[in-house]
Amino acid sequence: MAYDISRRRLFGTGLAGLGLAGCASTGATSLSTATEAAFPPGAAEPDIFGPPAGLAMLARNENPYGPAPSALSMLSKAAEKGAYYTSFEAMETLASLIAERHGLEPEQIVVTTGSGEALSALALMYGPNGPIVAPRLFWDTTALYAANLGLANIQRVALTPDMGIDLPAIEAAVTAETGMVQLCNPNNPTALVLPGETIRPAVARMSEKTTVVVDEAYIELADDPAGTTCIPLVKEGKDVIITRTFSKIYGMAGIRVGYTISSAETAEKIRATAMSWTPSTSFAAAIGCYDDEAFLHMSRRKIVEAREMVTTTLDTLGLTYLPSQTNFVYFQSGKPANDVQAALLEKQIAIRGQYMDYTSWSRVSMGKLEDVERFCRALPAVIGA
Ligand SMILES: Cc1ncc(COP(=O)(O)O)c(C=O)c1O
């Protein structure tokens, strides 16, 4: 995590700050009295959700314009029924909505608690069969999770000189012994996209030898999502699994909904491997906003506006960056990325630190426009321009 949600912050307000001082001194306080004391009518609720006040959070590729009102109204209805486990009707409704949009069957969709859970499950399913072949730089958290458990090895394939995914080299690395291939399109942290006409034939060929997972967490932000996605390969019956999420364009990272798209047979195996039961509130929020075109359009517009602000700043400073089709920009500041991160944090601006040995490359996420503006104003001094 790029900043410290510290014990200091959680407890620094002290009991008095949380309205608990009174109940601590009275000793035998009933639970309801304690709750009233903690949240006396009209008192501000403790600020424990989202980034701390004053911090420009540009480190985690979230969309601060979410969740959509359409998501929140459904979520609150589900919360009222929070006594009950998630109903099959809710599960079927979301799976059907997703399937219908892509001309698939609901059985081909597995909803998970964020796409991270799905990707972790896939790493556990396929990792023991052989190496996970992937580009050198990709969102490797879930592959590392399986690797740290001794259940997978990651075989990283060098990027092209311009930081792209080297598909021919990845193809050459795939054998019948490969556990799975994992691609991220658009990629994180590079933000680069492989067009459909490039990625699809390569994925189709690789899927003859092994399972290919394509992580499409940011695909709704690509210039041409329909032309970029590998979903057509699933429809053609290839051994391909797509993962997607409500954490990015839908602005629901904290609500935790992701899903896989695969054959019904593979979906059955993924369901058996996934570990959590996604909350009914998460299903509700996703159902509420899945088709909310007005919200998606607004989010895309804000993200593109922020991206243009960042790239204009980088152009002015003469810095190199990769063309982004996501809600983050990977740029070369010429300074150690961790130093840039630390200097910005002193100004209450959080961005990502260094990836692997890409020392001078930094990743900044598109947060609220005013926060992105703070980053753009602060950057020149931080890099000594
Ligand atoms: C490329 C990519 N895939 C998947 C995820 C996981 O997201 P979530 O578990 O919130 O769906 C992330 C998170 O940042 C990501 O960057």
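For the reader, a short list of remarks on this structure follows.
- Unmet criterion (only one of (1) free of Cβ contacts under 8 Å to residues at least 24 places away in the same chain; (2) more than 16 Å from the ligand (Cβ to nearest atom)) for M125: (1)
- The selection criterion, being of a type in the set (D, E, K, R), without any contact (Cβ under 8 Å) to a residue 12 or more places away in the chain and either outside any loop (DSSP other than H, G, I, E, B) or more than 16 Å from the ligand (Cβ to nearest atom) (or both), holds for E89.
- Only one of the numbered conditions (1) within 12 Å of the ligand (Cβ to nearest atom); (2) within 24 Å of S276 (Cβ to Cβ); (3) out of contact with any Phe, Trp or Tyr (no Cβ under 7 Å at 6 or more places or on another chain) is not met by N185, and that is (2).
- So L94, is it in contact with a strand residue (DSSP E or B) (Cβ under 7 Å, 6 or more places away or on another chain), more than 16 Å from the ligand (Cβ to nearest atom) and of a type in the set (A, V, I, L, M): no
- Residue in the stretch 266-280 that is surrounded by fewer than 19 Cβ atoms within 10 Å (Cβ to Cβ), aromatic (F, W, Y), within 16 Å of the ligand (Cβ to nearest atom) and outside the structural domain of W361 (by TED's automatic domain parsing) present: yes
- Among residues that are out of contact with any helix residue (DSSP H, G or I) (no Cβ under 7 Å at 6 or more places or on another chain), open to solvent by less than 10 Å² (accessible area, probe 1.4 Å) and either assigned to a strand (DSSP E or B) or on the phi < 0 side of the Ramachandran plot (or both), G367 is included.
- Scanning the stretch 86-145 for residues being more than 15 Å from A267 (Cα to Cα), open to solvent by 10 Å² or more (accessible area, probe 1.4 Å) and not polar (S, T, N, Q) gives a total of 17.
- One residue stands out in the stretch 252-265 among those that are within 11 Å of the ligand (Cβ to nearest atom) and of a type outside the set (V, I, T): the one that is farthest from Y145 (Cα to Cα), namely M252.
- Lone unmet requirement of (1) within 16 Å of the ligand (Cβ to nearest atom); (2) within 18 Å of V212 (Cα to Cα); (3) part of a helix (DSSP H, G or I) for I170: (1)
- Failed criterion for R205 (all others in (1) within 15 Å of the ligand (Cβ to nearest atom); (2) touching a residue at least 24 places away in the same chain (Cβ under 8 Å) hold): (1)
- Taken residue by residue, the stretch 335-346 has at least one member that is open to solvent by 60 Å² or more (accessible area, probe 1.4 Å) and either outside any helix (DSSP H, G or I) or among the hydrophobic types (A, V, I, L, M, F, W, C) (or both).
- Residues of the stretch 289-323 that turn out to be more than 18 Å from M356 (Cβ to Cβ) and open to solvent by less than 20 Å² (accessible area, probe 1.4 Å), as a count: 9
- Some residue of the stretch 139-148 being in a loop (DSSP other than H, G, I, E, B), in contact (Cβ under 8 Å) with a residue 60 or more places away in the chain and more than 16 Å from the ligand (Cβ to nearest atom): no
- Search result, residues across the stretch 173-200 that are assigned to a helix (DSSP H, G or I) and β-branched (V, I, T): T198, I199
- Of the residues making up the stretch 250-265, at least one is under 25 Å from L122 (Cβ atoms), without any contact (Cβ under 8 Å) to a residue 24 or more places away in the chain and not aromatic (F, W, Y).
- For the stretch 225-263, the set of residues classified as open to solvent by 50 Å² or more (accessible area, probe 1.4 Å) and in a helix (DSSP H, G or I) consists of A226, K235, listed by residue number.
This table checks each residue for (1) in a helix (DSSP H, G or I); (2) open to solvent by 50 Å² or more (accessible area, probe 1.4 Å); (3) free of Cβ contacts under 8 Å to residues at least 60 places away in the same chain.
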{"position": "P46", "(1), (2), (3)": "no, no, yes"}
{"position": "P51", "(1), (2), (3)": "no, yes, no"}
{"position": "A59", "(1), (2), (3)": "no, no, no"}
{"position": "P67", "(1), (2), (3)": "no, no, no"}
{"position": "L72", "(1), (2), (3)": "yes, yes, no"}
{"position": "K77", "(1), (2), (3)": "yes, yes, no"}
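- Counting the residues of the stretch 324-334 that are open to solvent by 30 Å² or more (accessible area, probe 1.4 Å) and either touching a Pro at 6+ places or on another chain (Cβ under 9 Å) or not in a loop (DSSP other than H, G, I, E, B) (or both) gives 2.
The values are calculated or read from the model by the stated rules, or taken from the named source; none is laboratory data. For clarity, every value in this text was computed on a predicted model and none was experimentally measured. Glycine gets a Cβ as well: all are built from the backbone with ideal geometry, and neighbour counts include every protein chain shown. For accessibility, only protein heavy atoms count, side chains too; no ligands or nucleic acids. Shrake-Rupley method; radii C 1.70, N 1.55, O 1.52, S 1.80 Å.
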